[in-house]
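Engineer: Handing you this structure, nothing more for now.
Read-outs throughout are calculated quantities, based only on the coordinates presented, and are distinct from any laboratory measurement. Because the structure is predicted, anything quoted here is derived from the model rather than measured. A quick note on method: Cβ atoms are made from the backbone with ideal geometry, for glycine too, and the neighbour counts reach across all protein chains shown.
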Amino acid sequence: MKWMKLWAALVAGALLFVTAGCAPEKRSGAAHYSKTYYTAKYGGDLDSNLSVFPDSVEGVQVNLFESSLGEGLFDTDGYIILDCSYTPARLADEVERLQSLTMTIRHYDGQTFTNQILYDEDSYRYPAYVTNDGFGDTYEYALIDEAGGRIVYVYTAYISPKTFRYRDYLKNDLTQYNKDEFKAFSMYNHSFDGGQSWDEFDDKRPVSDTEK
């Protein structure tokens, strides 16, 4: 019957759309690193503006850069890994930048709240500066290998930790993943009503100093 053929065609088209939307885009090599590219293409779907990641890797030794991100119907999933080696002076400057990271979230009624980046010495192989620790099943942090003169920048969203290719860059205890997102930390989100609802950062217009 014609309507059955039409229905089958619609279902097939919908499946094709979903599959195409979820197909990950893969990038690798220092020449293809661009923080601006990711924030412009994926925007708020990252639940982040990738604050921990450097704006540029010019003049920096890049040991590894790889990303695989797929756009789903509601979120972007995948990972970004950037491993850089620094001179002692540049390492100190980069750590100072990470230490100073904050994000101000503004409520619709004009209230604002400023989150500070977290420092975690215990959860990872190296000490970490953390902007997202599981909120929305998303993790973003910078691992500080001071002895090796390296910083590894990591962003993951909706990954399978046990099968993740770069296991050494994940939490030591894999049972810490997939926890209740509203009990997790995100520098990019804040609840002004005690956890009933959440406001996220404005990725289009940062709050000015006079508004904080």
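Engineer: Which FRET efficiency, nearest 0.05, do Q61 and T102 yield, Cβ-Cβ r, R0 25 Å?
Structural biologist: Approximately 0.30, to the nearest 0.05.
Engineer: Let me ask you something else. Using the basic label-point model (7 angstrom from Cα toward the beta carbon), what is the E200 to T175 distance in nanometres?
Structural biologist: Label at E200, label at T175, 3.1 nm between them.
Engineer: In what order do K26, K35 fall by count of nearby beta-carbon atoms within 10 Å, going from fewest to most?
Structural biologist: Final ranking by Cβ density, sparse to dense: K26, K35.
Engineer: What trypsin sites (Lys or Arg not before Pro) does region 101-186 have in DSSP loop regions with at most 16 other beta carbons within 10 Å?
Structural biologist: Those that pass, being in a loop and sparsely packed, are R125, R165, K179.
Engineer: Please give me, ordered by residue number, the chymotrypsin sites (Phe, Trp or Tyr not before Pro) of region 65-138 that lie in loop per DSSP and have at most 16 other Cβ atoms within 10 Å.
Structural biologist: Listed in order of number, the matching sites are F74, Y108.
Engineer: I need the phi-derived Karplus couplings for region 33-48: 6.51 cos²θ - 1.76 cosθ + 1.60, θ = phi - 60°, integer Hz, Gly and Pro marked x.
Structural biologist: My calculation for region 33-48 gives 6, 7, 4, 4, 4, 5, 5, 6, 6, 9, x, x, 5, 6, 6, 5 Hz in order.
Engineer: Between Q111 and E25, what is the FRET efficiency for a Förster distance of 45 Å, r being their Cβ-Cβ separation, to the nearest 0.05?
Structural biologist: Computed FRET efficiency for Q111 and E25: 0.75.
Engineer: With a Förster radius of 25 Å, plug the Cβ-Cβ distance of D93 and D122 into 1/(1 + (r/R0)^6) and report the FRET value to the nearest 0.05. Could the numbers behind the result be given before it?
Structural biologist: On the way: r = 25 Å, r/R0 = 1.01.
Plugging the Cβ-Cβ distance into 1/(1 + (r/R0)^6) gives 0.50.
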